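The values are calculated or read from the model by the stated rules, or taken from the named source; none is laboratory data. For clarity, every value in this text was computed on a predicted model and none was experimentally measured. Cβ placement follows ideal geometry from the backbone for every residue including glycine, while neighbour counts extend to all protein chains displayed.
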Amino acid sequence: MSTATPLLLVLDLVGIFAFALNGALVAVRAERLDVFGIVTVGMFTALGGGVIRDVLLDALPPATFVDWRYLALAAGGGLIAFAVGHLLERLGPTINVLDAIGLSVFAVLGAYKALDLGFGVLQAIIVGTITAVGGGTIRDVIIGRVPAVLRSELYAIPAMIGASCAIALNALGIYGLPATLGAAAVCFVIRMVGVRFDLNAPRPRRAGDGTVDDR
């Protein structure tokens, strides 16, 4: 499935805007960044995963630096978060929902782009996952916290599943809006279930934490 179709371009731009808002809102919550810092974090969150994807796929120059709309939406999302972030913060799940939207869209589109360039199934899943979690990882590093992909709720796993669903549907010859949104919806639902019920990937047991014999 070509990543150059109007549908995928629209979804890509939606993901950019959602991730930019998410990253900037996280920066607002950090309470130690000025407008430049907030917008910068938003832009890195929105664009980082796509740049990493294009470098891995040798699809250069990255789409971010070819299409002005990517930069404009990323900067716009950051500015909106700076201007009305205090209002959006009153909506408790806002950041998590935006993050899940970006995660889902990027996982599917990253996998599609890898397939479109002739990469194998496993490579496409890896690229889709990296595309989805790359921006959020950069965001967390910039604001000085352990990346969410390594510590909280289900994050990389939903992205992997979403990318796998996209590839499976593609292999079955199912394309277009239903396939794209269906695969993204699977990722979104799993991510939000993880947030809602505080589910995490398995962690190692520690002596003395009540999960193993401490003798």
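Against the list (1) surrounded by 24 or more Cβ atoms within 10 Å (Cβ to Cβ); (2) touching a Gly at 6+ places or on another chain (Cβ under 6 Å); (3) under 26 Å from A179 (Cβ atoms), the condition L109 fails is (2). Just for segment 125-137: of the residues that are buried (at least 21 other Cβ atoms within 10 Å of the Cβ) and more than 10 Å from the chain's Cα centre (by Cα), which one is farthest from V14 (Cα to Cα)? Once the filter is applied, the top-ranked residue is I125.
Would you call V55 among the β-branched types (V, I, T) and either out of contact with any helix residue (DSSP H, G or I) (no Cβ under 9 Å at 6 or more places or on another chain) or assigned to a loop (DSSP other than H, G, I, E, B) (or both)? Yes; evaluated as a whole, the condition is true for this residue.
Let's see how each residue does on (1) free of Cβ contacts under 8 Å to residues at least 40 places away in the same chain; (2) touching a helix residue (DSSP H, G or I) at 6+ places or on another chain (Cβ under 7 Å); (3) part of a loop (DSSP other than H, G, I, E, B):
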{"residue": "N22", "(1), (2), (3)": "no, yes, no"}
{"residue": "T45", "(1), (2), (3)": "no, yes, no"}
{"residue": "T64", "(1), (2), (3)": "yes, yes, no"}
{"residue": "R90", "(1), (2), (3)": "yes, no, yes"}
{"residue": "N96", "(1), (2), (3)": "no, yes, no"}
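The residue of segment 138-162 that is surrounded by the most Cβ atoms within 10 Å (Cβ to Cβ), among those that are within 18 Å of I16 (Cβ to Cβ) and of a type in the set (A, V, I, L, M, F, W, C), is A159. Within segment 33-53, does at least one residue satisfy the condition of being farther than 23 Å from V149 by Cα, under 18 Å from the mean Cα position of the chain (by Cα) and aliphatic (A, V, I, L, M)? No, because not a single residue in segment 33-53 is farther than 23 Å from V149 by Cα, under 18 Å from the mean Cα position of the chain (by Cα) and aliphatic (A, V, I, L, M). The single condition among (1) more than 14 Å from the chain's Cα centre (by Cα); (2) closer than 27 Å to A163 by Cβ; (3) crowded, with 22+ Cβ neighbours inside 10 Å that P93 does not meet is (3).
Residue check: is L122 surrounded by fewer than 17 Cβ atoms within 10 Å (Cβ to Cβ) and either over 15 Å from L21 (Cα atoms) or not hydroxyl-bearing (S, T, Y) (or both)? Don't jump to the end; show me each part of the working.
Numbers: surrounded by fewer than 17 Cβ atoms within 10 Å (Cβ to Cβ): yes; either over 15 Å from L21 (Cα atoms) or not hydroxyl-bearing (S, T, Y) (or both): yes.
In short, yes.
Looking at segment 165-187, which of its residues are surrounded by 21 or more Cβ atoms within 10 Å (Cβ to Cβ) and within 15 Å of the chain's Cα centre (by Cα)? Of everything in segment 165-187, those that are surrounded by 21 or more Cβ atoms within 10 Å (Cβ to Cβ) and within 15 Å of the chain's Cα centre (by Cα) turn out to be A183, A184, C187.
Every residue, every condition in (1) in contact with a Lys or Arg (Cβ under 9 Å, 6 or more places away or on another chain); (2) within 17 Å of G102 (Cα to Cα); (3) of a type in the set (A, V, I, L, M, F, W, C), yes or no:
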{"residue": "V10", "(1), (2), (3)": "no, yes, yes"}
{"residue": "A20", "(1), (2), (3)": "no, yes, yes"}
{"residue": "V41", "(1), (2), (3)": "yes, yes, yes"}
{"residue": "I52", "(1), (2), (3)": "no, yes, yes"}
{"residue": "D58", "(1), (2), (3)": "no, no, no"}
{"residue": "R69", "(1), (2), (3)": "no, yes, no"}
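On inspection, G50 passes the criterion of being touching a residue at least 40 places away in the same chain (Cβ under 8 Å) and farther than 14 Å from I80 by Cβ.
A search for C-beta distances below 6 Å between a residue of segment 186-205 that is at pLDDT 85 or above and any residue that is of a type in the set (S, T, N, Q), counting only pairs 6+ apart in sequence or on different chains, returns C187/S104; F188/S104; V195/N96.
T45 meets each of the listed conditions (1) within 22 Å of A111 (Cβ to Cβ); (2) surrounded by fewer than 23 Cβ atoms within 10 Å (Cβ to Cβ); (3) hydroxyl-bearing (S, T, Y) apart from (2).
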